[in-house]
Each structure stands twice: as structure tokens, then as C-alpha cells.
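The values are calculated or read from the model by the stated rules, or taken from the named source; none is laboratory data. Since the model is a prediction, treat every value here as computed from it, not as a measurement. Positions of Cβ are backbone-derived with ideal geometry, glycine not excepted, and every protein chain shown enters the neighbour counts.
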Amino acid sequence: MAEFFADYGLFLAKTLTLLVALGVAVVIIASASRRGVQPAGLKVDKLNDSIRNNTRVVQRAVMNKDEFKKQAKVDKKAQKAADKTSTARKRYFVLDFKGDIRATAVAHLREEISAVVGVAGDQDEVVLRLENPGGAVHEHGLAASQLLRLKNRGIPLTVIVDKVAASGGYLMACIADRIVAAPFAVLGSIGVIAQLPNFNRALKDKGVDFEQITAGKYKRTVTMFGENTDEDRAKLREELEEVHELFKAMVTEHRPALDLGRVATGEHWYGTRALELGLVDELGSSDDYLLHAAEDGDLFKVTWKGKPNLQEKILSMMETAAERLGFDGRGL
């Protein structure tokens, strides 16, 4: 009888733990949803105002009252002069792209670029702050094609990489007229990979047959459950080489000075070495670039906000939690 109550108590504890965990998850998601609810559509913020306001906060803290008033008058006079010549000032349209395996941010990018190309000209500049470790070929190819829309219209494009633009990320970056990268940003990885486990032997050991029926010799080559042959592997390798050639052709078209034999090996490099190899044009951070641009230009942050579904909210929360715990797979 004592054993029964012990087992029953353990069962109740497990059930209660599960219910509490589910309840906490529901509360967190609901809370995040309430905090983050924003109407879908395009949002444009003038970054000059944010920069100026932040500067005033610091000035107020470090200056005495008279100094602050004097500086405020100087700033106000300068702002009036800038407003009078605003039509002659260069315009910068700032976009952000944070990539994942499926390049899901391309849905927002296409809306943002569609809006920008309607007003921007060759006297303006689009600045893309890119963070993208790569992923699916066709998804990142679509993202790169969105940036080509700017180039085809003669709108200057600068890509700034603070953290990473590798593989599909570099496929996007190479479209730019200028690439700026932080010294320890990761760039390159001009290569293609395909990998998957194969459970065929495990299925055979369990007496399980796997049936796959196709029409077309190469409809399916390497699989997870079937028995793969040397011919299957050779065909997959051929397909990967074809994609690699397309990748290299894109890089060559937009960065013809690159030594592809040296950089198209699948390797990646940090910013300082990437500069030496010609993968980037200069070193720096997006913060410094935009601060400098704000001195004689107007900066507009363009953001498309969609309505995320429940799955996207959960995945976003999991990704944020993983980032906070440092699960990025790379050590320093």
C-alpha cells in the first residue's frame, strides 16, 4: 500500500509540474502578445530625432544649467538651418534583416523595399543592417533578389554586418555597392551543404520495410529511410556543385575583384581578414556609420510589421531565450 501511495504521489507531482509549466507558457505568451500588439503595416521613424534626443539626455546630465541652455540654443539654431535645407540633404533608408534557416524575414523585406523604391532615387542610399548565418538556398536566393531590385533601379545599397553574414547571408551581402563589417563579424562560407541521418539499418534490424515509389529516375536520390547507393550520393553531389556554381557566379557578378579560388571554399573569416581578402570594403559598426550619416543626412528607419501567428510568437520567444543563454554554437 505504501508503494502505491508513493507511485501515486510521484504521478501527481509530475502532472502538477506539467500543468504549471503549461500555465506559465500560456501566461508568458499572452503577456508578450499584449505588450507587443502593433497594427500591421509600414512604420517609418526618423532616426535623427532619436539620436538628437539621446544626446540631449547626456548633455543635461553632464552640463550645468547655464551650459545646457547655451548648448540648447546652438542646437536649435543648427536644427532650423538643417530644416531649411532638408530637401538638399541626403536621405538614408535604414532596413534590418535578421535571418534564420528559412529566411522568414524576407516577407517583411519585400514590403519594405517595395515602399522604398517608390520614393528613393540615385541620390539617396539604402542601409541594410544584416545579420544572417545562412540556410535554405531558395529562401535566401529570394532575399538576395529583393536587394537586386534596389540595384536594378540605381539606388545605392550599403550592407553593414555587425555579427554574421555567412553562406546565404553573404549571398545577400555581395549584392551591395559597399559592405561594412565589424572586426569580429563572421563572413564568407561561400559553399553548399546537405546532410541528413539515415535510419535504413535501424529499420532493417527491427524488421521494418521502407517503400518509396517515384516516377523519374532522379525524383528522389539520398533519403533518410531508404538504402542509399553510390549513384544516389553522386547525383546529390552533382546537384550541390551546380548550386555552388550559381552561388559563385552571383558573387563574381557583384564582386568581380574577388579571388574565388581562395574564398569560395566554404570557409568563413572574421571582419579584419575578410577585408584583406576583399569580401568587405571597410571595417566599422552600424552605429558609427549611422551617426556619421546623420551629421549631414536624414535617416529614416523603415519597418514592416505583420501580425505573427501563435507558432511564430513561440518560436521567437524560444530564440530569444536561447540567445540570452548564449546558445549560438561559437566560442571566443
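Observations on the structure shown:
- Qualifying residue in region 204-218 (condition: within 33 Å of the chain's Cα centre (by Cα) and either over 21 Å from Ala166 (Cβ atoms) or without any contact (Cβ under 8 Å) to a residue 40 or more places away in the chain (or both)): no
- None of Leu203, Leu258 is at pLDDT below 90, among the aliphatic types (A, V, I, L, M) and surrounded by 13 or more Cβ atoms within 10 Å (Cβ to Cβ) except Leu203.
- Residue count for region 275-306 satisfying the condition of being part of a helix (DSSP H, G or I) and within 19 Å of the chain's Cα centre (by Cα): 4.
- Positions within region 154-175 being part of a loop (DSSP other than H, G, I, E, B) and under 15 Å from Asn132 (Cα atoms), in sequence order: Ser167, Cys174, Ile175
- Just one of the numbered conditions (1) out of contact with any Gly (no Cβ under 7 Å at 6 or more places or on another chain); (2) in a helix (DSSP H, G or I); (3) within 29 Å of Leu240 (Cβ to Cβ) is not true of Leu150: (3).
- Test: residue in region 121-136 that is surrounded by fewer than 16 Cβ atoms within 10 Å (Cβ to Cβ), closer than 23 Å to His268 by Cα and touching a helix residue (DSSP H, G or I) at 6+ places or on another chain (Cβ under 8 Å): yes
- Lone qualifier among Ala136, Ala72, Ala82, Ala78 - being at pLDDT below 95 and within 23 Å of Leu187 (Cβ to Cβ): Ala136
- Residues of region 47-68 satisfying the condition of being in contact with a strand residue (DSSP E or B) (Cβ under 8 Å, 6 or more places away or on another chain) and aromatic (Phe, Trp, Tyr): none
- Test: residue in region 235-252 that is over 22 Å from the mean Cα position of the chain (by Cα) and closer than 22 Å to Leu157 by Cβ: yes
- Against the conditions (1) of a type outside the set (A, V, I, L, M); (2) touching a Lys or Arg at 6+ places or on another chain (Cβ under 7 Å); (3) surrounded by fewer than 14 Cβ atoms within 10 Å (Cβ to Cβ), Glu211 satisfies every one except (2).
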